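Each value in this text was obtained by applying a stated rule to the coordinates, not by laboratory testing. Predicted model, so just to flag it, every value in this text is computed and none were measured. Note that each Cβ is placed from the backbone with ideal geometry, even for glycine, and that neighbours are counted across all protein chains shown.
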Amino acid sequence: MLRTGIKGWVLAAGFALTALTGAGSAGAQTPAPAATSPATAATAAPSGLRPADSNQGQAGGTVQKADAAPQSPALAMDGAPAFNATTSAPGVGQPLDGVIHIQPQVTKNGLRAHWFHDRILFPLITIISLLVLVLLVVVMVKFRASANPVPSRTSHNTFIEVVWTLVPVLILVAIAVPSIGLLQAQFKPAPAGAVTLKAIGNQWFWSYQYPDHGGIEITANMLKEGNQVAPGERARTDADGPRLLAADNRVVLPVGVPIRLITTANDVIHSWAVPAFWIKLDAIPGRLNETSFTIDKPGLYFGQCSELCGARHAFMPIAVEAVTPAQFAAWVRAKGGSMPAPGKASDAVIPQPGADNSAAAADEAAVANAITGPTENGTDTPTTSPQGATGNPGGVGEAGR
């Protein structure tokens, strides 16, 4: 019995060794693929393309289709480069976990404000806080009840009163001088040749217009997470940007060219804010706010609405791609727009929402004219009221108001 078992094990080992040897020999003896003829090479699918489908070319040849899925709309902004949020400069243009300092600035005003914060405001705040802490400790120790059973009756000290009056004044002057200069620089009118960007706040998304470039318009909505999207809807990826900051369409602006930012809103007050630009400008219904800035470095920069505007206030991200002027011009042409003459001042009419010459008012007038014909303005004579001025009901047209 033992001899039979050993014999069986030896036979099994021999069969296994034979199988392994045969497989190795077969692999070594596999003939090399035949050389591809020029005709075959011409029709072979290139790398990265899947085999031909039913699409037929005009000459009867097949049209190859890319195997990879199409790029995200947020990363392929027509003529603009495909900025990837994971490969952009780390820590620039977006928040980082555990970092509480101001984001690196990419505008001259931002660099100036950053210096002002680090070199003037923070040291002053630190010194004042330490001084107040020392004074509190001195008062608690030196002037406590047990150390002074008989309290002092001193009521005035001229020197101390002069000091605590002059020192705060000097501190305010030291803060005011650079503050006023920075404020003036932030709201300096944009020069001729600036790129005008109109940002319009809506509940709850941003829409943008380029009035100097053929009236290009884009709408930017927040990209949802994978567990929040409906079937067929694209979810956010790390390449799009951080959670709550990635947008399905990005604003494209040129580097080194002054930007004229105009903000307004269609419903409630919003605020267009990008920390890396040192920009926070309120968007108010019926009003146009304006500022200017120049981006110094290409890259991808994120921001969000910074004014409480309703239930979905936290879901209004801003994504900006800063590109070279040549890439910006290519993007404008890809969007169907046109580049203005170099150095030409902006002559685009930018009406306030609700104004007589705004786009919404023009559309409403066109619809009304199509239904009832043009409306002719008439004048009514205000009725005379016997009531006194305290009633002040006002007549037709409310004359005098």
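Okay, here's what the table says:
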item: Value of relative contact order over the stretch 224-355, rounded to a whole percent, pairs C-alpha under 8 Å and six or more apart; result: 27
item: Other-chain or far-sequence residues with amide H under 5 Å of Glu307's (modelled H); result: Ser271
item: Two-site FRET efficiency, Leu130 against Lys188, from Cβ-Cβ distance with R₀ of 60 Å, rounded to 0.05; result: 0.95
item: GluC sites (Glu not before Pro) lying in DSSP loop within the stretch 231-329, provided at most 16 other Cβ fall within 10 Å; result: Glu233
item: Contact order normalised by residue count of the stretch 67-200, Cα under 8 Å, 6+ apart, percent; result: 20
item: Residue pairs, from the table Lys198/Lys280; Lys198/Lys297; Lys108/Lys335; Lys198/Lys335, whose Cα atoms sit over 26 Å apart; result: Lys108/Lys335
item: Estimated D of the stretch 90-152 in µm² per second, where Rh is the Kirkwood radius over Cα pairs and Stokes-Einstein applies at 37 °C, 0.692 mPa s; result: 213
item: P(r) of the stretch 136-185 over all Cα-Cα pairs, binned every 5 Å from zero, in whole percent; result: 4, 15, 12, 14, 15, 11, 9, 8, 6, 4, 2, 0
item: Net charge contributed by nearby residues that have their C-beta within less than 12 Å of Val257 (K/R +1, D/E -1); result: -1
item: Local electrostatic count at Ile125 - Lys and Arg +1, Asp and Glu -1, tallied over other residues with Cβ under 14 Å; result: 0
item: Vicinal HN-Hα couplings computed from phi for the stretch 230-245 (Karplus, 6.51 cos²θ - 1.76 cosθ + 1.60; Hz; Gly/Pro x); result: 7, x, x, 8, 7, 9, 5, 10, 4, 5, 6, x, x, 4, 6, 10
item: Value of relative contact order over the stretch 281-326, rounded to a whole percent, pairs C-alpha under 8 Å and six or more apart; result: 36
item: Rough spin-label spacing in nm, given labels placed 7 Å along Cα→Cβ, for Val167 and Ala334; result: 6.0
